[in-house]
Amino acid sequence: MCGIVGYVGEKRAQDFLVSGLKRLEYRGYDSAGIVTVSEKNEATLIRAKGKISDLERKLIDNRRDDKIGIGHTRWATHGEPSEANAHPHQAGSLYMVHNGIIENCKELKKTLKGHQFKSDTDSEVLVALIDSFYKDGEYLLVDAVVQALKLVQGTYGIAVVSTKNPDEIVVARSGSPLVIGVGQDETLIASDASALVGHTKRAIYLNDGEVAVIKKNSIEIKTLNAEPVSAKVEEIETNLSAIQKGGYDHFLLKEIMEQPDSLVETLRGRVDVDNGLVHLGGPGLSEKELRGIQHLIIVGCGTAYHAGMLAAYYIEQFTPEITIETVIASEYRYRQAYIPKNSVALIVSQSGETADTLACLREIKKQGVKTIGIVNVIGSTIAREVDGGTYVHAGPEISVASTKAFTSQVIAMVMFGMTIAQAKGVRNTILKPYVDEIAKLPDEIKNVLAGNREKVKEIAGKYKKYDHAIYLGRDTAYPTAMEGALKLKEVSYTDANAYAFGELKHGPLALVDDRFFETAFLPKGMLYEKAISNVQEVLARGGHVIAVTNNAKFDLKVDDTIKIDTQLEIFVPILMNLISQLFAYYVTVAKGYNVDQPRNLAKSVTVE
Ligand code: M6R
């Protein structure tokens, strides 16, 4: 949510700032801006409403050779998307970019009588506050930043430059990520390491409560209490091809099609098919601790929450001795929920930066409960704060809609469940079918994607005219329905909701009419016949049904049928979810919307 970049070195700063912002555009894309400072202490500030391409157009007449600068791509919180509200914001000789929210900005603003506010943002309040300490010359820039931040309530990742000393950037973070890229005669900053890929492989991840003075050949970090911090330089593992479209028209399609490979990465070294076992190194729980687990809390938002729901259905199938509760992070963080003894919490997040999920993690930790991260982005805040973790290794996910992360999250959590089951002595004959299917899943995914892509595209063309959709499933197909509805609504703006089939008669059936279509997930199994009866009820009321099933003999007269040809029995809902992903993609493309950057959304939700 919002992206920050910064550069100090020997090259033209504008070049890195613009290319870095393009990489981060998926994090926020309603306005953008950059400022650079010349050796003659002159600032060039360029801002534009809209995309980075709009900013680039303005830059054509404003090229500068300045060697220091900061930039920002915005997802509006305070104030509408506009040039005036775009960052960097200015106060006196200072320019600042900010991610996060200053919660006490109204109170702070009242104290800043000398500043003429030009925007509606909380960020301008912060830069004016810093300037109120800096302008008298009593404080160094870094100390003025520290004084101001001590008065701030809320979250921030900031970068500040002053025209008075055009050789340093001051950065600080609390609740919003900041990465410092260590280069040769240059230092770069970004709110997400992907902006640094191709420039340097060496990164320092700033922690909450830290502030740093960045120059081209030095980085000094300290806490807000002036304690020096010795920086740990880590390697950025992402390579350039992983963050490019690789021949696809959109990141969303690329990430959907990547799933056979991304899942292989999730499974690498963790599945022992011969012995029907899984081995996870990361959670760091002893056999005794694993045996003692009686309760699992799975926490996430959006797709991560749905992945948790689906994993819970599976885990309870083979670990009968534990209860599982899957919760929405934004709700759970404020609940007075009792956490039973012997609980473990799974903290699920693709980005590892989601504000609500992070807040839950901290609340749960306060209660002494062990936390295990199911995280994709390496080095992210959640990954660093959990007690142990299993990286899902799905690779960078750039499209705002989460796809490959879902598949990997579900399987990573199922493997964690199996680790508990193994420790509890659950019989190998019970676990073996799961291991066998997990091992086959990448190939099955490949077949389903290849075998259905064209058909889904054709069907999507038919349904693009509908404004309303209902997704239906039961048991493991219910979270699949929820995830399918989320995918369709977030990219194609179709009003899509999901229900458990059994709930239809309790209200939603009243909706069925010509304006709606219903996507029914019908995996073979214990509840198949009951789900078929539910479909009949929809059909009897004139519903337009798309059936997705692995039953080759399915012959119900519905509007459209997608038959999934697979040997799997357990993880069929994951295969069905691929159909939802493709369907959402093709409906959106047919409607002509921006599939990778849906309106009003951003990739990682770092504000509450
Ligand atoms: O990065 P996270 O997994 O914590 O993100 C959680 C949700 O914000 C995310 O899954 C969101 O719902 C996606 N846009 C869904 O496609």
| query | Given the conditions (1) more than 30 Å from Lys591 (Cβ to Cβ); (2) more than 14 Å from the ligand (Cβ to nearest atom); (3) polar (S, T, N, Q), and given that Asn452 satisfies all but one, which numbered condition is not satisfied? | reply | (1)
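Results for (1) out of contact with any Lys or Arg (no Cβ under 6 Å at 6 or more places or on another chain); (2) hydrophobic (A, V, I, L, M, F, W, C), shown as yes or no for each residue.
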{"residue": "Met413", "(1), (2)": "yes, yes"}
{"residue": "Gln422", "(1), (2)": "yes, no"}
{"residue": "Ile438", "(1), (2)": "yes, yes"}
{"residue": "Asn447", "(1), (2)": "yes, no"}
{"residue": "Lys462", "(1), (2)": "yes, no"}
{"residue": "His468", "(1), (2)": "no, no"}
{"residue": "Leu486", "(1), (2)": "yes, yes"}
{"residue": "Lys489", "(1), (2)": "yes, no"}
| query | Do the conditions hold for Ile347, that is, is it more than 10 Å from the ligand (Cβ to nearest atom), under 26 Å from Leu578 (Cβ atoms), part of a strand (DSSP E or B) and modelled with pLDDT of 95 or more? | reply | no
| query | Do you know which of the residues in segment 362-383 that are within 15 Å of the ligand (Cβ to nearest atom) and over 16 Å from Phe416 (Cβ atoms) is modelled with the lowest pLDDT? | reply | Gly379
| query | Which of the residues that make up segment 257-267 are more than 16 Å from the ligand (Cβ to nearest atom) and either free of Cβ contacts under 8 Å to residues at least 60 places away in the same chain or under 19 Å from Ala383 (Cα atoms) (or both)? | reply | Glu265, Leu267
| note | Arg57 meets each of (1) without any contact (Cβ under 8 Å) to a residue 12 or more places away in the chain; (2) of a type outside the set (S, T, N, Q); (3) at positive phi with one exception, condition (3)
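Would you point out which residue out of Glu255, Glu265 is under 22 Å from Pro573 (Cα atoms), charged (D, E, K, R) and touching a His at 6+ places or on another chain (Cβ under 9 Å)? First the steps, then the outcome.
On the way: Glu255 fails: touching a His at 6+ places or on another chain (Cβ under 9 Å).
Being under 22 Å from Pro573 (Cα atoms), charged (D, E, K, R) and touching a His at 6+ places or on another chain (Cβ under 9 Å) holds for just one of Glu255, Glu265, which is Glu265.
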| note | Here the residues within segment 581-606 that are within 14 Å of the ligand (Cβ to nearest atom), assigned to a loop (DSSP other than H, G, I, E, B) and touching a residue at least 40 places away in the same chain (Cβ under 8 Å) are Val595, Asp596, Gln597, Pro598, Arg599, Leu601, Ala602, Lys603, Ser604, Val605, Thr606
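Yes/no matrix, rows are residues, columns are (1) of a type in the set (Asp, Glu); (2) out of contact with any helix residue (DSSP H, G or I) (no Cβ under 7 Å at 6 or more places or on another chain); (3) closer than 15 Å to Ala159 by Cβ; (4) part of a loop (DSSP other than H, G, I, E, B):
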{"position": "Asn41", "(1), (2), (3), (4)": "no, yes, no, yes"}
{"position": "Thr44", "(1), (2), (3), (4)": "no, yes, no, no"}
{"position": "Ala48", "(1), (2), (3), (4)": "no, no, no, no"}
{"position": "Lys58", "(1), (2), (3), (4)": "no, yes, no, no"}
{"position": "Asn62", "(1), (2), (3), (4)": "no, yes, no, yes"}
{"position": "Gly69", "(1), (2), (3), (4)": "no, no, yes, no"}
{"position": "Thr73", "(1), (2), (3), (4)": "no, no, yes, no"}
{"position": "Glu80", "(1), (2), (3), (4)": "yes, yes, no, yes"}
{"position": "Asn85", "(1), (2), (3), (4)": "no, yes, no, yes"}
| Looking only at strands (runs of 3 or more DSSP E) that fall completely inside segment 468-554, which ones have 3 or more residues that are more than 26 Å from the chain's Cα centre (by Cα) and at pLDDT 95 or above? | 516-522, 545-549
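State yes or no: is Leu486 within 16 Å of the ligand (Cβ to nearest atom) and closer than 25 Å to His250 by Cβ? Show your work before the answer.
Working: within 16 Å of the ligand (Cβ to nearest atom): yes; closer than 25 Å to His250 by Cβ: yes.
Spelling it out, Leu486 is indeed within 16 Å of the ligand (Cβ to nearest atom) and closer than 25 Å to His250 by Cβ.
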| remark: Filtering segment 148-165 down to residues that are surrounded by fewer than 22 Cβ atoms within 10 Å (Cβ to Cβ) and closer than 13 Å to Leu94 by Cβ yields Thr163, Lys164, Asn165
| Breaking point among (1) under 22 Å from Gln317 (Cβ atoms); (2) outside any loop (DSSP other than H, G, I, E, B); (3) of a type in the set (Ser, Thr, Tyr), for Thr566 | (2)
| request: Being modelled with pLDDT under 95 and either within 16 Å of the ligand (Cβ to nearest atom) or surrounded by 24 or more Cβ atoms within 10 Å (Cβ to Cβ) (or both) narrows it down to one of Ile445, Ile411, Ile398, so name that one. | output: Ile398
| For segment 151-164, what are the residues that are under 29 Å from the mean Cα position of the chain (by Cα) and either under 20 Å from Lys109 (Cβ atoms) or assigned to a loop (DSSP other than H, G, I, E, B) (or both)? | Val152, Gln153, Gly154, Thr155, Tyr156, Ile158, Val160
| field | Residues (in a helix (DSSP H, G or I) and buried (at least 19 other Cβ atoms within 10 Å of the Cβ)) located in segment 364-384 | value | Ile364, Thr381, Ile382, Ala383
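Within segment 276-295, which residues are of a type outside the set (S, T, N, Q) and part of a loop (DSSP other than H, G, I, E, B)? Walk me through it before giving the result.
First, the residues of segment 276-295 that are of a type outside the set (S, T, N, Q): 276-285, 287-293, 295.
Of everything in segment 276-295, those that are of a type outside the set (S, T, N, Q) and part of a loop (DSSP other than H, G, I, E, B) turn out to be Gly276, His279, Leu280, Gly281, Gly282, Pro283, Gly284, Leu285, Ile293.
Among Lys404, Lys440, which is outside the structural domain of Ala584 (by TED's automatic domain parsing), of a type in the set (Lys, Arg) and surrounded by fewer than 24 Cβ atoms within 10 Å (Cβ to Cβ)?
Numbers: Lys404 fails: surrounded by fewer than 24 Cβ atoms within 10 Å (Cβ to Cβ).
Among Lys404, Lys440, only Lys440 is outside the structural domain of Ala584 (by TED's automatic domain parsing), of a type in the set (Lys, Arg) and surrounded by fewer than 24 Cβ atoms within 10 Å (Cβ to Cβ).
The values are calculated or read from the model by the stated rules, or taken from the named source; none is laboratory data. Since the model is a prediction, treat every value here as computed from it, not as a measurement. Note that we place each Cβ from the backbone using ideal geometry, even for glycine, and neighbour counts take in every protein chain shown.
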